[in-house]
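Okay, so here's the structure we're looking at.
The values are calculated or read from the model by the stated rules, or taken from the named source; none is laboratory data. None of these values were measured; they are calculated from a predicted model. Heads up, the Cβs are rebuilt from the backbone with ideal geometry, glycines too, and the neighbour counts pull from every protein chain shown.
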Amino acid sequence: MSFLEVDDLKVTFTTEDGVVRAVDGLSFAVEQGRTLGIVGESGSGKSVTSLAVMGLHRTSHADVTGRIVLDGQDLVAADPDVVRRLRGRRMAMIFQDPLTSLHPFYTVGWQIDEAYHVHHPKAGRREARTRTVEMLRRVGIPQPDQRADDYPHQFSGGMRQRVMIAMALVNDPDLLIADEPTTALDVTVQAQILDLIRDLQQEFGSAVIIITHDLGVVAELADDVLVMYAGKCVENGPARAVFDSPQHPYTWGLLGSVPRMDREIQDRLMPIAGAPPSLIRLPRGCAFHPRCPFARLNGTRSYEDVPELRDTGQPDHRVACHLDAETRARLFREEVAPKL
Amino acid sequence: MPCFGYSFKTHLPVWPQITQRLPVTISLAVGAAVIRLVTGVGIGVLSALRRGSLFDRFSMTIALAGVSLPIFFTALVSLALFSYKWAIFPNLHYVPLTEDPVAWAKNLILPWVTLAFLYSALYARLTRAGTLETMGEDYIRTARAKGLRERRVVVRHGLRSALTPIVTIFGLDVGLLLGGAVLTETAFSLPGVGQYAVQAINENDLPKIMAVTTLAAFFIVVANLLVDILYVALDPRVRYK
């Protein structure tokens, strides 16, 4: 059994307009020491998945079913207080916007102390402070013993994200979830933060889930990739396999939307046509079919059946697409790959 | 010593009369301010913690009544009930703090509570709204992600941010009250600055009116200044150079 196993996870929100199926039958697993990259457009259910794993969805009246098993313990059925005790200790999270994710009225040292104290109630003030300064040093904040007494607004964006990482790692969590950790940062700082996350993972040996819409980030960090569309997994597998022979037309679209610096100048990027579907009224059949350039090859099947995840023939690589393997291989070779 | 001249009516100097009445007004203002802050913020936080609960709906209904009822109504009702009908605080009269602290407090409880009731309702609503608004902030999610108990999340992280506007209003309120709680002092016949102002206006005694108005303006300006200074302690992002 893997360290974290998510099985048939469904997260729905009941709103006045109808039921929002934010996550609809998602399954994945992460081993310790491995990094899973979850990729998808805005509204594909990436962040909701991570909040559900952390048990942070409870405040938003979400309805969660399925199983989230962390080290043998099911978190969906567990008492909220049990999940609270795991939060910050065994699983920790880094958020998208470091500018708003730290409390403006407390020093960063106080905030990290608090994160340590809550799971080490017997620790003295001095012990917590020593640990805080040590963590700030490890994430690369110069003069950590002095900077611990500074307020968040006295740090730059990249430094604040380092503080967030220090806070997340202060209790040596076994699972670290990073939700778009570099989206709000400058490009040069992005690379530093990604390096930092990778180095710390190697040092701590924790399982990491990195959520992003940036395939560059995934290529940089992830061992495995899970591509999400409209709350479902459409493709998942080892990062090498997904990048070298992507199987799903949506993955092709994502890859085609990334500007490449290492190629001849292309005419233009290939965006995915249309917009993500409403999660209240999903398209029938394959949710991607209205935007899929190849949907007509399947006749009426695209809007009648929901495609199941199937093995692609490569180890651990699965895809949810009605096209048969031969057609996909031909399409990718002839129509998609030349334009990437 | 500021010179506000002599009363048209009695030809006595105005300032000594005011300084003599000031302790009454300060007693009333400070007592009422403390009560309204404590009860208002307390009820507001509890309501925010249990949003939608019976306690929340009940206290917010009371708060709405409190905001809506004028003080000359609540003051007279409370006098009729607690001072006459049930005689819990009979024969109200002001006793200086220096003379007998217990009698001082006992005689002021009714005016304090009456004056506080109105405003604690305002504070409760303000605290509740402010806390709930802050609870949607990203740093609250961070606090929850640390594994903090919900109570600590609300009080240490949510309320802490909601406190700044409350302190602003509190400072201005105290300044306003120190200039004389005209209606309350009149209703409870407390010999304070507010009652003095009412007399002065009735008698068209201009020097008295001038003195009270200047004093009220002085307190409001000082309260404003104190609030601005207090911001530095409350919000680390505020620095004056």
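This table checks each residue for (1) part of a helix (DSSP H, G or I); (2) out of contact with any Cys (no Cβ under 9 Å at 6 or more places or on another chain); (3) loosely packed, with under 14 Cβ neighbours inside 10 Å.
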| residue | (1), (2), (3) |
| --- | --- |
| B:LEU159 | yes, yes, no |
| B:GLY180 | no, yes, no |
| B:THR186 | yes, yes, no |
| B:VAL212 | yes, yes, no |
| B:PHE219 | yes, yes, no |
| B:ARG239 | no, yes, yes |
Next on the checklist: Any residue that is under 24 Å from A:ALA115 (Cα atoms), within 14 Å of another protein chain (Cβ to nearest Cβ) and outside any helix (DSSP H, G or I) - is there at least one of those in region A:185-207?
Outcome noted: no
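Can you go through A:CYS292, A:CYS286 and tell me which one is free of Cβ contacts under 8 Å to residues at least 60 places away in the same chain and under 15 Å from A:LEU255 (Cα atoms)? So that I can check it myself, show each step before the final result.
On the way: A:CYS286 fails: under 15 Å from A:LEU255 (Cα atoms).
Being free of Cβ contacts under 8 Å to residues at least 60 places away in the same chain and under 15 Å from A:LEU255 (Cα atoms) holds for just one of A:CYS292, A:CYS286, which is A:CYS292.
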Checklist entry - Which of the residues spanning region A:56-73 are free of Cβ contacts under 8 Å to residues at least 60 places away in the same chain, surrounded by 14 or more Cβ atoms within 10 Å (Cβ to Cβ) and either at the interface with chain B (Cβ under 9 Å from one of its Cβ atoms) or of a type in the set (D, E, K, R) (or both)? => result A:LEU56, A:ARG58, A:THR59
Item to check | Residue satisfying condition, being in a helix (DSSP H, G or I) and either modelled with pLDDT of 90 or more or more than 23 Å from A:VAL19 (Cβ to Cβ) (or both), within set A:LEU254, A:LEU269 | outcome: A:LEU254
Checklist outcome for this item: When restricted to B:ILE88, B:ILE140, the only residue away from chain A (no Cβ under 14 Å), among the hydrophobic types (A, V, I, L, M, F, W, C) and either out of contact with any Pro (no Cβ under 9 Å at 6 or more places or on another chain) or not in a helix (DSSP H, G or I) (or both) is B:ILE88
Checklist entry - Does A:ILE94 satisfy the criteria of being among the β-branched types (Val, Ile, Thr) and away from chain B (no Cβ under 13 Å)? => result no
Checklist entry - In region A:238-247, is there at least one residue being more than 28 Å from A:LEU26 (Cβ to Cβ) and either more than 14 Å from every other protein chain (Cβ to nearest Cβ) or in a strand (DSSP E or B) (or both)? => result no
Item to check | Breaking point among (1) under 30 Å from B:GLN199 (Cα atoms); (2) assigned to a loop (DSSP other than H, G, I, E, B), for B:ARG51 | outcome: (1)
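Using the structure shown, decide if A:ALA77 is buried (at least 20 other Cβ atoms within 10 Å of the Cβ) and either more than 13 Å from chain B (Cβ to nearest Cβ) or of a type in the set (Gly, Ala, Ser) (or both).
No; evaluated as a whole, the condition is false for this residue.
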Next on the checklist: Within region B:204-239, take every residue that is within 21 Å of B:LEU12 (Cα to Cα) and charged (D, E, K, R) and give me the one that is nearest to the other protein chains (Cβ to nearest Cβ).
Outcome noted: B:LYS208
